[in-house]
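The values are calculated or read from the model by the stated rules, or taken from the named source; none is laboratory data. Since this is a predicted model, take the numbers as computed values, not measurements. Note that we place each Cβ from the backbone using ideal geometry, even for glycine, and neighbour counts take in every protein chain shown. The accessibility values were calculated without ligands, DNA or RNA, using every heavy atom of the protein model including side chains. Shrake-Rupley method; radii C 1.70, N 1.55, O 1.52, S 1.80 Å.
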Number of protein chains: 2
Amino acid sequence: MSERIHATYWLETGDDPRHAADVIAGEQSSGTFVALPGETPELKARSGARVERLEMLETVDTPSLPGGMKSEVYTRCTLELSWPIENFGASLPNLMSTIAGNLFELRQVSGLRLTGLKLPASFAAAYPGPAFGIDGTRKLSGVTHGPLIGTIIKPSVGLSPEETAQQVRELVEGGIDFIKDDELQADGSHCPFDERVKAVMRVVNEHADRTGKKAMVAFNVTGDLDQMRRRHDLVLAQGGTCVMAVLNSIGLVGLHELRKHAQVPIHAHRAGWGYMSRSPELGWDYAPWQMIWRLAGADHLHVNGLRNKFSESDESVIAAARAVLAPVMPDAPMTAMPVFSSGQTGLQAADTYAALGRADLIHTAGGGIFGHPQGVAAGVEALREAWVAAIEGVPLEKHAERNPALRAALGFWK
Amino acid sequence: MSERIHATYWLETGDDPRHAADVIAGEQSSGTFVALPGETPELKARSGARVERLEMLETVDTPSLPGGMKSEVYTRCTLELSWPIENFGASLPNLMSTIAGNLFELRQVSGLRLTGLKLPASFAAAYPGPAFGIDGTRKLSGVTHGPLIGTIIKPSVGLSPEETAQQVRELVEGGIDFIKDDELQADGSHCPFDERVKAVMRVVNEHADRTGKKAMVAFNVTGDLDQMRRRHDLVLAQGGTCVMAVLNSIGLVGLHELRKHAQVPIHAHRAGWGYMSRSPELGWDYAPWQMIWRLAGADHLHVNGLRNKFSESDESVIAAARAVLAPVMPDAPMTAMPVFSSGQTGLQAADTYAALGRADLIHTAGGGIFGHPQGVAAGVEALREAWVAAIEGVPLEKHAERNPALRAALGFWK
């Protein structure tokens, strides 16, 4: 039997939902607006997208998005389509054109969101997935259990290489596991990539030589392909253990090529995710989106954080993190590490752990570490101890009784 | 004086707009949610994004997008920000992270759309722009004036290579200038890329040898980088004169690399544009988006068409086409060719020409050509004659009096 690709959508339509489903299936496969002689029943049966499921949810009397057909009633439903792999082969870029192409612009559509994706085995054969994932990241960072306690260099941009290295010195001396460039920090003339990496790795390597613990630093290599390769090579040559790339900025070809070249984990940033997801009636859920990038090789994937400072709900954050930890397919888990950030402190540890049932993640805090009255080391320790409490199922206040750093942190975290 | 990057947004906020503007500027440059010791006034002055303009437009009492801060009133305004180029250098991927990164997710934002972009000269020095553009496309296609009359192979997928070539035979014998693969047609096992190109180019070359006219065929090379390069080389070896790529599917690195490799024009498809633009209160206007892709090397850019079958308004279509024809910057025009499609016939020629004042474009019609009662050649001739009438300022009905193909077309176009 032929392999098929399955995609699920939340659809709102002013049309008869069955007709709308057929139009979408047609537009994204063999169809056209005008009936053409070449579109035979045999061709449609072979190459047409198939409506696998159409479940009505509710009706509303105004359309969520403008520009579509006018109607008295707009029906919301769950739509599942499938395509034969013969249409375009096991290709992620062409998968994108098919499951997330022109369909959002159809007049029959007054709301459309891609909510799910199920891929056949050919995709796992065609794409490598993460080279390091959870196990590789734990091995390189030396963090054998619990989350990697991390932070982001701040201010995001503006520090010189030496100022950056000075901040990194405080952090590694404080026992941090993971540090990342902000996604806005790239290769500006005020903080050139090469100088930054050399200055930072000097500090990281010195500390590692002295203590045996090497913090993982995700240097933002985002750029044109030659730049990314060259920057990766510099990171590697300087003893670095991670590179970061902004997925929406480099695109699928960018990540695929970086994955082929990289010898360290790829920390994948989702900047721009908001324009693809902030309208609940349009765009992408995180689950199908992150699956595509994991196949292409992302080792770490940002998922925001509980009670974050952005607009995303906790429910959505947890769904995203669960998606990153779920297998891409049964025989090809390709598990990546979710990265929690944005307004994070130890106060989110217990709820995050309870929701995921595991601590295979990176938890980054900025103010939650730097703001500690006893300094950065105490900030790192407090966040780590909050996770110990979470994993052991001990209430935070109780665990704080035997840990002064955590006790002090509770005051300013709240 | 330092070069600066300017981006303009339509913003809706439940916050004091001045505060919201500062938060956005901070988030996308030196800021953080928590005041940090490193963010000195000197650093802010040097590296902070600057609020250049903030103009109130109106207020509404419900937020356009959910998840943001609650308020009694939401203010809509025009916001212009600028960044010093020292922050990230003349890099398109890092430009993306900066102007269209995390800001869409901010709680202060209940609507945000990137409406304009102005780049400094360094970007024109760092990126090549289209290698062919309008002049190169005219030269290769032999169409010295007026639009390239084009069509898209339909059904989109499902035809075999030989069936595709058969359709191409009808089209080239009908005098067509331009043919493209559908964006869903890639390298599926039922219509493998190599076989399709060979079968189609055999027909195109035979016709060119006989008549001197070689139709430009945009073969969809969208795929991983090695695949795109290899497919491009095959097109070139077979005498082809154009390749097509789906921008959102390959990403900026993909187009940049394809541009470096390609020896024929790159026909850029915007499939997926809907999820970035269909909500008026979120995402991207076409003007800033297409500018980025032109810098990276797109020769042709899709702009939908007047009275199209999708949900886009005519006003938006014309704004998009004007943007593609406008210079990227005064000393680096990098002009690309807009591609009109979707439900197009000769009936849109006059309005399209009136709105643009020029015919440096590709006008593709499917049913508008294939549906002609006298056959494909008459369909091509009718569309071309509709453009002659438009350019000469002659009413279509009047021009049809001396052209039987156009006269017959008017019946079925309406």
(request) Evaluate E = 1/(1 + (r/R0)^6) for B:Asp314 and B:Ala45, where r is the Cβ-Cβ distance and R0 equals 45 Å; express this FRET efficiency to the nearest 0.05. (result) 0.50
(message) Classify the protein assembly as shown from the C-alpha gyration tensor, please: rounded if a/c falls under 1.5, else prolate or oblate depending on whether a/b exceeds b/c.
(response) prolate
(message) If you take each beta carbon of peptide A:150-156 and count the beta carbons of other chains within 10 angstrom, what is the mean?
(response) 5
(request) Sort out for me the Cα centre separation of segment A:172-222 from segment B:285-347, rounded to whole Å. (result) 42 Å
(message) Let me confirm one metric for peptide A:240-253, namely the mean number of other chain beta-carbon atoms within 10 Å of its residues' beta-carbons.
(response) 6
(request) Quantify, in whole percent, the carbon and sulfur part of the accessible surface of chain A (1.4 Å probe; protein heavy atoms only). (result) 51 percent
(message) What FRET efficiency comes out for A:Asp61 versus A:Glu397 if R0 is 51 angstrom and r is the Cβ-Cβ distance? Round to the nearest 0.05.
(response) 0.55
(request) Convert each backbone phi in segment B:208-214 into a coupling constant with the Karplus relation 6.51 cos²θ - 1.76 cosθ + 1.60 (shift: θ = phi - 60°), then list the ³J(HN,Hα) values in order as whole Hz, x for Gly and Pro. (result) 5, 4, 7, 10, x, 9, 10
(message) 7 Å from Cα along Cα→Cβ at both A:Asp226 and A:Met329: what's the point-to-point distance in nm?
(response) 3.7 nm
(request) Give the angle, between 0 and 90 degrees and rounded to the nearest 10, that separates the Cα long axis of helix B:404-413 from the longest principal axis of the Cα atoms of chain B. (result) 50 degrees
(message) Using amide H atoms built in the peptide plane, which far-off residues or other-chain residues are under 5 Å from A:Met216 H to H?
(response) A:Phe178, A:Ile179
(request) Compute for chains A and B the buried accessible surface, both sides summed, probe 1.4 Å, and express it in Å² to the nearest 100. (result) 7100 Å²
(message) For a quick check of your reading of the filter: which GluC sites (Glu not before Pro) in segment B:1-72 sit in a DSSP loop and have no more than 15 other Cβ atoms within 10 Å?
(response) B:Glu3, B:Glu72
(request) Give me a single rounded figure for A:181-193: the average over its residues of other chain Cβ atoms within 10 Å of their Cβ. (result) 6
(request) Give, to the nearest whole percent, the P(r) tail of segment B:273-373 beyond 20 angstrom, counting all Cα pairs. (result) 38 percent
(message) Suppose each label sits 7 Å from its Cα in the direction of the beta carbon; what would the B:Ala355-B:Glu3 distance come out to in nanometres?
(response) 3.3 nm
(request) Please work out how much length the chain gains when fully extended from A:Glu173 to A:Ala237, using 0.36 nm per residue of separation minus the C-alpha to C-alpha distance, in nm with one decimal. (result) 20.8 nm
(request) Could you calculate the FRET efficiency of A:Asp16 with A:Arg210 from 1/(1 + (r/R0)^6), where r is the beta carbon distance between them and R0 is 41 Å, rounded to 0.05? (result) 0.05
(request) Any chance you could get the radius of gyration and Dmax over the Cα atoms of segment B:2-76, in Å? (result) 14.1, 41
(message) To check you understand DSSP bridge types, tell me what percent of the beta bridges within chain A (both residues inside) are antiparallel, rounded to 5.
(response) 50 percent
(message) How are the alpha carbon pair distances in chain A distributed across 10 Å bins from zero to the largest one, expressed in percent?
(response) 5, 21, 28, 22, 14, 8, 2, 0
(request) Using only C-alpha positions, report the orientation-averaged shadow area of the convex hull of segment B:4-126, nm², one decimal. (result) 7.6 nm²
(message) Can you work out the Karplus-derived ³J(HN,Hα) for every residue in segment B:215-224? Use 6.51 cos²θ - 1.76 cosθ + 1.60 with θ = phi - 60°, whole Hz, and x for glycine or proline.
(response) 5, 7, 10, 8, 7, 6, 8, 2, x, 6
(message) Can you compute 3J(HN,Hα) from phi for each residue in segment A:163-170, using the Karplus curve 6.51 cos²θ - 1.76 cosθ + 1.60 with θ = phi - 60°, rounded to whole Hz and x for Gly and Pro?
(response) 5, 4, 4, 5, 5, 5, 4, 4
(request) Taking only protein heavy atoms into account and a 1.4 Å probe, give the accessible area per residue of chain A in Å². (result) 34 Å²
(request) Compare each residue of segment A:198-236 in its chain alone against the assembly with all protein chains, and report those whose accessible area goes down by 50 Å² or more; 1.4 Å probe, heavy atoms. (result) A:Asp224, A:Leu225
(request) Check each of the trypsin sites (Lys or Arg not before Pro) in segment B:59-123 and keep only those in coil by DSSP with at most 10 other C-beta atoms within 10 angstrom; list them in order. (result) B:Lys70
(request) Take peptides A:270-278, B:203-211, B:80-88, A:390-398 and line them up by average Cβ neighbours within 10 Å, highest first, as a rough protection proxy. (result) A:270-278, B:80-88, B:203-211, A:390-398
(request) Report the relative contact order of segment B:4-126, percent, no decimals, based on alpha-carbon pairs under 8 angstrom and at least 6 residues apart. (result) 44 percent
(message) Quick check on the protein assembly as shown: helices-only [θ] at 222 nm, where DSSP H runs of length 4 and up contribute -39,500 (n - 2.57) each and the sum goes over total residues. Nearest 500, please.
(response) -12500 deg cm²/dmol
(message) Suppose a student asked you for the relative contact order of chain B, using Cα pairs under 8 Å spaced at least 6 residues apart; what percent would you report?
(response) 15 percent
(message) Place a point 7 Å from Cα of A:Leu140 in the direction of its Cβ. Which residues in segment A:295-329 have their backbone N less than 17 Å from it?
(response) A:295-302
(message) Under the rule of at least 5 residues apart or a separate chain, name every residue whose amide H is placed under 5 Å from the amide H of B:Leu361.
(response) B:Leu148
(request) Show the residues, 5+ positions off or on another chain, whose built amide H is closer than 5 Å to the amide H of A:Ser110. (result) A:Glu12, A:Thr13, A:Gly14
(request) Note the angle between two axes, namely the Cα long axis of helix A:247-261 and the longest principal axis of the Cα atoms of chain A, as a number of degrees from 0 to 90, rounded to the nearest 10. (result) 70 degrees
(request) Rounded to the nearest 10 degrees, what's the angle between the helix A:376-392 long axis and the longest principal axis of chain A, both from Cα atoms, 0 to 90? (result) 60 degrees
(message) If DNA, RNA and ligands are ignored and the probe is 1.4 Å, what is the ranking of A:His19, B:His269 by accessible area, most exposed first?
(response) A:His19, B:His269
